[in-house]
Amino acid sequence: MKIVVCIKQVPDTAEVKLDPKTNTLIREGVPSILNPDDANALEAALQLKDKDPEGTSVAVLTMGPPQAKEMLRECLAMGADDAVLLSDRALGGSDTWATSNAVAAGVKKVGGYDLIFAGRQAIDGDTAQVGPQVAEKLGIPQVTYVKEFKLEEGHAIVKRALEDGYEELKVKLPCVLTCIKELNTPRYMSVPGILKAAQQEIKVWSAADIGVDTTTVGLKASPTNVFKSFTPKPKGAGV
């Protein structure tokens with residue numbers, strides 16, 4: 001089984017500050033981390049690999065600047081087999097629609113996948129859109145808010161969390177599953193894993209490498225944009 005995990009490097013939101021003049025994030029000096037829900041997605045993939053280490057491979061894929069390699073090495077140190085970084089100026093400024101175009105093209109280039117995991121949403125945008133959009137562009141089924149799952153005869157039996165309960169679905173592989181924190185507890189990097197990851201190659205693919213139409217990615221191709229970002233004013237004490 002070949003599993004692809006779509007992940008994202010995000011600012012540590014406990015450290016985020018906003019430029020009062022431009023209303024944009026101040027990223028200088030702000031630590032970056034693996035998006036928490038994506039860590040649950042990676043753990044789900046690694047648990048499947050634990051059950052069949054010889055027959056299962058896990059590839060992690062992200063889109064971002066060159067420094068995202070650090071996060072990918074952490075994923076390799078946790079147990080992933082391969083890492084791919086989509087990095088190109090043509091991809092910069094993409095909203096969720098444009099991002100999913102690039103990520104779907106990257107997944108297609110990885111090829112041969114049986115299952116795709118992603119986090120429910122990223123903590124820097126909270127849109128929960130990229131995972132489902134990737135599934136749509138790949139033309140495969142999707143289940144969001146995955147709380148539990150198991151694989152049976154070419155299908156995934158999934159328990160999906162709702163506000164007032166859950167629903168159980170049976171979906172044919174390959175499919176996209178977006179994971180929530182209740183699914184599992186992500187593992188830590190191991191010392192042997194860290195040593196091995198330091199020597200592993202991280203593939204860096206450009207827009208041309210993945211064959212994506214450059215008119216469908218980047219800032220100019222994005223149908224949405226951020227009008228303003230601001231920190232809410234603190235409220236007074238309640239009674």
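In square angstrom, what is the accessible area per residue of the chain with a 1.4 angstrom probe?
Details: 13460 Å² over 239 residues.
Per-residue value: 56 Å².
Per the 1.4 Å probe, what fraction of the accessible area of the chain, in percent, lies on carbon and sulfur atoms?
Details: 6920 of 13460 Å².
On the chain, the fraction of accessible area on carbon and sulfur atoms equals 51 percent.
T214: net charge of surrounding residues, Cβ under 10 Å, Lys/Arg +1, Asp/Glu -1, itself excluded? Don't skip to the end; give the middle numbers.
On the way: positive: K220; negative: D88, D213.
Net local charge, T214 excluded: -1.
Just want to confirm a number: the relative contact order over the stretch 142-234, from Cα pairs under 8 angstrom separated by 6+ residues, in percent. Don't skip to the answer; put the middle values down first.
Working: 83 pairs, mean separation 18.8, N = 93.
Dividing the mean separation by the residue count of the stretch 142-234 yields 20 percent.
Given H placed on each backbone N at 1.01 Å, which residues far from L173 in sequence or on other chains put an amide H within less than 5 Å of it?
Here the answer is H155, A156, since their amide H atoms fall under 5 Å of that of L173.
How big is D, in µm² s⁻¹, for the stretch 32-82 by Stokes-Einstein at 4 °C and 1.567 mPa s if Rh is the Kirkwood radius over C-alpha pairs?
Rounded, D is 114 µm²/s.
What distance in nm lies between label points placed 7 Å from Cα along the C-beta direction at D52 and I157?
Between D52 and I157, the label points sit 1.7 nm apart.
Quick one: what are the phi-derived ³J(HN,Hα) couplings along the stretch 81-90, Karplus 6.51/-1.76/1.60 with θ = phi - 60°, whole Hz, x for glycine and proline?
Running phi through 6.51 cos²θ - 1.76 cosθ + 1.60 with θ = phi - 60° gives 8, 9, 9, 10, 10, 8, 9, 6, 4, 5 Hz.
Here are some values of Rg and Dmax of the Cα atoms in Å: [x] 17.1, 54; [y] 18.2, 61; [z] 15.9, 45. Which one was computed from this structure?
[y]
For every other residue with a beta carbon closer than 12 angstrom to the beta carbon of G193, add +1 if it is Lys or Arg and -1 if Asp or Glu, then tell me the sum. Write out the running numbers ahead of the final one.
On the way: positive: R73, R187, K196; negative: E74, D81.
With Lys, Arg at +1 and Asp, Glu at -1, the neighbours total +1.
Using amide H atoms built 1.01 Å from N in the peptide plane, name the residues 5+ places from V204, or on other chains, whose amide H lies under 5 Å from its own.
Excluding prolines and chain starts, which carry no amide H, the hits are L85.
Hey, with R₀ at 25 Å, roughly what FRET efficiency would E136 and D12 work out to, going by the Cβ-Cβ distance, to 0.05? Please list the in-between numbers first.
Values: r = 30 Å, r/R0 = 1.22.
Calculated transfer efficiency: 0.25.
Compute the separation of the alpha-carbon centres of the stretch 150-210 and the stretch 81-124 and state it in Å as a whole number.
Measuring centre to centre over Cα atoms gives 13 Å.
Determine, at each q value in 0.15, 0.27 (inverse angstroms), the log₁₀ of I(q)/I(0) that the Debye formula gives when each Cα of the stretch 169-239 is one equal point scatterer.
Listed by q, the Debye log ratios stand at -1.15, -1.14.
For K170 and K233, what does the FRET efficiency come to when R0 = 41 Å and r is the distance between their Cβ atoms, rounded to the nearest 0.05? Don't jump to the answer; show the numbers that get you there.
Details: r = 48 Å, r/R0 = 1.17.
About 0.30, to the nearest 0.05.
What distance in nm lies between label points placed 7 Å from Cα along the C-beta direction at E182 and S222?
3.2
Treat every Asp and Glu Cβ in the stretch 83-138 as -1 and every Lys and Arg Cβ as +1, leave all other atoms uncharged, and give the resulting dipole magnitude about the Cα centre to the nearest 20 debye. Before the final figure, lay out the partial values.
Working: 5 positive and 6 negative charges, 39 e Å.
Roughly 180 debye, rounded to the nearest 20.
Quick one: what are the phi-derived ³J(HN,Hα) couplings along the stretch 200-213, Karplus 6.51/-1.76/1.60 with θ = phi - 60°, whole Hz, x for glycine and proline?
7, 7, 10, 6, 10, 10, 8, 4, 5, 4, 8, x, 7, 5
In whole Hz, with x marking every Gly and Pro, tabulate ³J(HN,Hα) for the stretch 111-126 from phi via Karplus 6.51 cos²θ - 1.76 cosθ + 1.60, θ = phi - 60°.
Per residue, the Karplus-derived 3J(HN,Hα) values read x, x, 6, 9, 7, 10, 10, 8, x, 4, 7, 9, 6, 8, x, 6 Hz.
How many nm separate the modelled label positions at D124 and E201, each set 7 Å beyond the Cα in the direction of the Cβ?
2.8
Compute the Cα gyration tensor for the stretch 192-231, then decide on rounded, prolate or oblate, letting a ≥ b ≥ c be the square roots of its eigenvalues: rounded whenever a/c is under 1.5, prolate when a/b is larger than b/c in the other cases, and oblate in all that remain. Could the numbers behind the result be given before it?
Details: a/c = 6.77, a/b = 1.60, b/c = 4.24.
Verdict is oblate for the stretch 192-231.
For E153, what is the net charge nearby, where nearby means another residue's Cβ is under 14 Å from its Cβ and Lys, Arg count +1, Asp, Glu -1?
Details: positive: K150, K170, K172; negative: D114, E152.
Here the charged neighbours net out to +1.
Compute the relative contact order of the chain as a whole-number percentage, counting only Cα pairs closer than 8 Å that sit 6 or more residues apart in sequence.
For the chain, the relative contact order is 27 percent.
May I ask for the longest run of the chain untouched by GluC sites (Glu not before Pro) that are loop-located per DSSP and have at most 10 neighbouring C-beta atoms (other than their own) within 10 Å?
55-152
Under a point-charge model restricted to the Cβ atoms of Lys and Arg (+1) and Asp and Glu (-1), what is the dipole moment magnitude of the chain relative to its Cα centre, in debye to the nearest 20? Walk me through the numbers before you get to the answer.
Numbers: 28 positive and 31 negative charges, 102 e Å.
It comes to approximately 480 debye.
The values are calculated or read from the model by the stated rules, or taken from the named source; none is laboratory data. Everything numeric in this text was worked out from a predicted model, so none of it was measured. Because the Cβ atoms are built from the backbone with ideal geometry, glycine has one as well, and the counts that use them run over all protein chains shown. Heavy atoms of the whole protein, side chains included, go into the accessibility calculation; ligands, DNA and RNA do not. Shrake-Rupley method; radii C 1.70, N 1.55, O 1.52, S 1.80 Å.
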